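Notes follow the structure.
The values are calculated or read from the model by the stated rules, or taken from the named source; none is laboratory data. Keep in mind it's a predicted model, so treat the numbers as computed, not measured. Positions of Cβ are backbone-derived with ideal geometry, glycine not excepted, and every protein chain shown enters the neighbour counts. Heads up: the accessible areas ignore ligands, DNA and RNA and are worked out on the full protein's heavy atoms, side chains in. Shrake-Rupley method; radii C 1.70, N 1.55, O 1.52, S 1.80 Å.
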Amino acid sequence: MRAAAADAAAATIARQRLALREAAALLAGGAVGVAVSGSVARGRASSQSDLDLWVLGAKSAWEHYRRGALWVSHLWQRPAEASTFDNFCLWDVDELWVLADPRGHFARLKSAYGVQRAGVHRAIVGSTAEVIEAQVEQARRGSAWHRALALAEVAWRAASLRAFLDGWGRVPKLRVLERVLPPEA
């Protein structure tokens, strides 16, 4: 048990150091804000964890890089886009590790999210329910293959919504859900 805890701590430290190097390079390249999200920000990185960086700047893109043995993701957004509360990083807003925020974008985002959290959660539940209803309707038509695909989508969204409603506060990654769902799910 101690070895696992030591491995997790080492994984977190390695990712934190990499995050600082990445942030410096991103800022030198024109970014106006950089924050760590995901398991590293929450202090729960494992040896399989990637490093998720939320980058504010002049473009919108999702980039993935290999840095030695680690994968690094850069989710680039324009500051105005980040404030619309319609992206996956939102479930990490409360736990962001802000590396650089010279113009206060992340500070404003955190403040606004705190005020709007209940409405954001209602919107997530409502929109997910609408998608599930549409997928159920699709599962009633088409070939067996298309019906199976629609049911698989219903199962994934329903499991994600259940985890969200059970207090996880974020849409889980598939590998996280696989650990908590019963084998028959």
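Modelled with pLDDT under 70 and acidic (Asp, Glu): is that true of GLU137 in this structure? Walk me through how you get there before you give the answer.
Values: modelled with pLDDT under 70: no; acidic (Asp, Glu): yes.
Here the answer is no, as GLU137 does not meet what is asked.
Kindly state which strands (runs of 3 or more DSSP E) lie completely within region 1-102 and contain at least 1 residues that are of a type outside the set (A, V, I, L, M), under 22 Å from ALA123 (Cβ atoms) and open to solvent by less than 70 Å² (accessible area, probe 1.4 Å).
33-37, 51-56, 70-77
Are any residues in region 112-148 assigned to a loop (DSSP other than H, G, I, E, B) and open to solvent by 50 Å² or more (accessible area, probe 1.4 Å), and if so, which ones?
Residues of region 112-148 assigned to a loop (DSSP other than H, G, I, E, B): 139-143.
If the condition is that a residue be assigned to a loop (DSSP other than H, G, I, E, B) and open to solvent by 50 Å² or more (accessible area, probe 1.4 Å), then ARG140, ARG141, GLY142, SER143 are the ones that fit.
With the condition kept exactly as written, say whether any residue in region 38-54 is in contact with a strand residue (DSSP E or B) (Cβ under 6 Å, 6 or more places away or on another chain), among the charged types (D, E, K, R) and at pLDDT below 90.
Yes; the residues of region 38-54 include at least one that is in contact with a strand residue (DSSP E or B) (Cβ under 6 Å, 6 or more places away or on another chain), among the charged types (D, E, K, R) and at pLDDT below 90.
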